[in-house]
Amino acid sequence: MSETENNLVKVTVDGQAVEVAPGTTIMQACEEAGAEIPRFCYHERLSVAGNCRMCLVEVENAPKPVASCAMPVAPDMVVSTTSETVKTAREGVMEFLLINHPLDCPICDQGGECDLQDQALGFGGDASRFDDNKRAVENKNMGPLVKTIMTRCIHCTRCVRFAQEVAGVPEIGAIGRGEDTEITTYLEASLDSEMSGNVIDLCPVGALTSRPYAFTARPWELRKTETIDVMDALGSNIRVDMRGREAMRIMPRNHDDVNEEWLSDKSRFVWDGLNTQRLDRPFIRQNGKLTPASWDAAFDLVESKLKGKGAATAAIAGDLVCAEGQFALKGLMDALASPHVDCRQDGAKISGPRGNYIFNASIAGIEEADALLLIGSNPRLEAPVLNARIRKRYLMGDFPIVAIGEAVDLTYKAEFIGAGADTLADLLAGKQSFADTLKNAKNPMIIVGQGALTREDGAAVLAAAIELAAKTGASFNMLHTAAARVAGLDLGLVPGEGGHDVAGIQDAAQSGTIENVIFYGADEIAGASLGDAFVVYIGSHGDRGAHRADVILPAAAYTEKQATYVNTEGRAQMTEQAATPPGEAREDWKIFRALSARLDVTLPYDNLAALRAAMYEAVPHLAQLDDVIAADAPVAPPHDGLGAEAFTYAVNDFYFTNPIARASAIMADCAKAKNEPKNRGDSSEGTGTDG
Amino acid sequence: MMRFLKMLFTWWHHQTLSTLLHTRRRGKLMGVDGQGNCYYEDKHGASINGKTRRWVLYNGDIETTRISPEWHGWMHYTVDETPDQAAYVKRDWMKPGQINMTGTKDAHKPAGMADTTGYADGYDAWTPK
């Protein structure tokens, strides 16, 4: 401690002395001292480029102003950020940047949140001296998500560095020199990345903007709500921008331990799914057709079917549902004395203590790992932002990555040593050389994907992975694909004594021993597999579950309720309500509460606070928002032996994994662009004034 | 009693008490329009910005758009003759006056507005096949 203190470098910024660690850049030292430095190319999470020159500061005894983002501090440096030289230098740089920047702010989507606009106002000159023609650059095709107006580009190369460093798809680059420099994608191909939307946030000007959001809203007319994403099990922190009741866009929020400041394309562009295919009134099936009905009529029908048939009623919770709703569902099923509850609609064979089903090492912990084994997991599609974290660790070097499963491009080098469970058995028996690598590593990690657990021998795979972790001292980590899952398992939505799991419920429904099935946002189950069972669907979108349902009770989507979600590492986070549920839809827990009263098993809570109190009593760690509560060591569950089939991955259609994504037209466009690489996006939409 | 208190403390239900007293003391009735609104001028010629003070006592809700079109010009000092002094001509293309409906359910909604296209709620509802 004292050693680092002694090593600190003393720097004077605008007459104020600060002490910073050696190797710090002048810009960081200035920020420490509270002096704001304008910048375009510098970004904390990307490498330093130093090419925009906006961050010039004056350093005593230096012959010229220096770029503060690239220059490390030296002892006793005296920096000025307010001198006349600095002011002139900034004005000069800004004047050069604006020479070739079009004056189209009124029709530019970046207007109002544009770094160039803000900094031209703050640091630029007051008038233009430029009489020549401005340069024009042809727009590039970057696919259905990123709209390009390349004339606006100031060549900061943030997008180039992001694609190379974070996304791992070196497909954006700069060609030409001097005034002829252009940022382009090779061969006019769209970005083959699940994180391409982040270049929109990174672009300091309006060169790269969101294509689906183009010309729909201005930032100052949007109501911003900070909430949590549910498209994957990461729990990325997001901000939902609403105009009225309509979701207009979704942006990432910074959370260093979860998503840093990145967001996957599915999370970012799924917003139009929130505005379509909404269940806004109850439906009941009459003469084989679903017809709109009142809540009373719908409840009457449910009551007539479920009353006295508690034990013949089963419930399945879906992928996007909240902890509060699942707790109420569990309470209802307990009150009905039915053990047939399951939250693992994909049929994953997960059992055992909490350590068996969470990402024990934590997402930020990936950066401390020094060897990684992926078992039946393709993190690039299952959790793109987590994949970026693995890549970040990979780029630091000395990080052997080995995977079991079908060989795919993970954006970093991973050795695929086998495709199936037999390879896992070999590793466990020490027959693979990577077993020694794991053993010798200080901080090895094992990540198990859902694809490896939904098989017949899922329990055996889980047991083998846990045994391997115990044997090699590696941390056991499960990567979920469903945002609802960890909360569901925490709350015990698994079959009770004598209860059926998802497969068992389907069999029993076909044989007739289970007469009623409650689908709580469960949309991944084929309707035909339930025989003649009476199906109650409670959810937000008209998807597979709603089509099979006999009664539909409309509930709230994740942006329409204040609700708890637990991410794959066991971090409980609370969403905030950005809009009210549409039409007659109600918050999920209220539906279960009202239903319980109809079935004469009234749940003991009348408001959200009382429900939460009961929930926290049952599962105390849900109350500790944003904390990762360490779990006990995983315990290998009983099993019937490993099979030999190859692992399949849990996510294949990245853009269609849940009902909201399936309702989204933007996701459909993305999938289409992915399948038809020749016809990516539509670049024929120029208005004649946009460049 | 309520009416009297409202007269004292609010201005939007009825003329305030002080306006009534002021009108009795200084008002010279210039005319009454079809709705029963009474238009006054200061009888001693007291002026504001060089113009003789003019005001109206509404027959009902206090709402400036209730001033009749023929009196509008006089009230706003566009003309000095009241409609009955001057030959106010009502052309056949003139529509009858209408009060401002903004904020009420009768507010004007142009075609294409979200309210009239059924997208006011900001979502498309699912309909079963």
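The values are calculated or read from the model by the stated rules, or taken from the named source; none is laboratory data. Since the model is a prediction, treat every value here as computed from it, not as a measurement. Cβ coordinates were reconstructed from backbone atoms using ideal geometry, including for glycine residues, and neighbour counts include every protein chain displayed.
Failed condition for residue A:530, given (1) modelled with pLDDT of 95 or more; (2) out of contact with any Pro (no Cβ under 6 Å at 6 or more places or on another chain), with all others met? Condition (1) is where residue A:530 drops out. Picking from residues in region B:11-44 that are in a strand (DSSP E or B) and touching a residue at least 40 places away in the same chain (Cβ under 8 Å), the one that is surrounded by the fewest Cβ atoms within 10 Å (Cβ to Cβ) is B:31. On the given criteria, is residue A:421 surrounded by fewer than 24 Cβ atoms within 10 Å (Cβ to Cβ) and at pLDDT below 95? Answer is no for this residue. Scan region A:81-112 residue by residue and report those that are in contact (Cβ under 8 Å) with a residue 60 or more places away in the chain, surrounded by fewer than 19 Cβ atoms within 10 Å (Cβ to Cβ) and farther than 30 Å from residue A:147 by Cβ. Answer for region A:81-112, where residues must be in contact (Cβ under 8 Å) with a residue 60 or more places away in the chain, surrounded by fewer than 19 Cβ atoms within 10 Å (Cβ to Cβ) and farther than 30 Å from residue A:147 by Cβ: just A:82. Quickly run through region A:595-613 and pick out the residues that are surrounded by 15 or more Cβ atoms within 10 Å (Cβ to Cβ) and either among the hydrophobic types (A, V, I, L, M, F, W, C) or more than 27 Å from residue A:294 (Cβ to Cβ) (or both). Hits for region A:595-613 are A:595, A:599, A:601, A:603, A:608, A:611, A:612. Only a single criterion out of (1) closer than 17 Å to residue A:41 by Cα; (2) buried (at least 16 other Cβ atoms within 10 Å of the Cβ); (3) in contact with a helix residue (DSSP H, G or I) (Cβ under 9 Å, 6 or more places away or on another chain); (4) of a type outside the set (Gly, Ala, Ser) is not satisfied by residue A:115, namely (3). Quick test for you: out of A:644, A:631, pick the one residue that is surrounded by 14 or more Cβ atoms within 10 Å (Cβ to Cβ) and touching a residue at least 40 places away in the same chain (Cβ under 8 Å). Result: A:631 is the single residue among A:644, A:631 that is surrounded by 14 or more Cβ atoms within 10 Å (Cβ to Cβ) and touching a residue at least 40 places away in the same chain (Cβ under 8 Å).
Among the residues making up region B:61-80, none is at pLDDT 90 or above, part of a loop (DSSP other than H, G, I, E, B) and of a type in the set (D, E, K, R).
Each residue in region A:520-573 was checked for being touching an Asp or Glu at 6+ places or on another chain (Cβ under 8 Å), more than 14 Å from chain B (Cβ to nearest Cβ) and polar (S, T, N, Q), and 3 pass. Just one of (1) assigned to a loop (DSSP other than H, G, I, E, B); (2) modelled with pLDDT under 95; (3) over 23 Å from the mean Cα position of the chain (by Cα) fails for residue A:547. It is (1). On the stretch given as region A:200-255, residues that are away from chain B (no Cβ under 14 Å) and either at pLDDT below 95 or part of a loop (DSSP other than H, G, I, E, B) (or both) total 23.
Among strands (runs of 3 or more DSSP E) entirely within region A:266-350, having at least 2 residues that are more than 14 Å from chain B (Cβ to nearest Cβ), modelled with pLDDT of 95 or more and over 30 Å from residue A:251 (Cβ atoms) singles out A:313-317.
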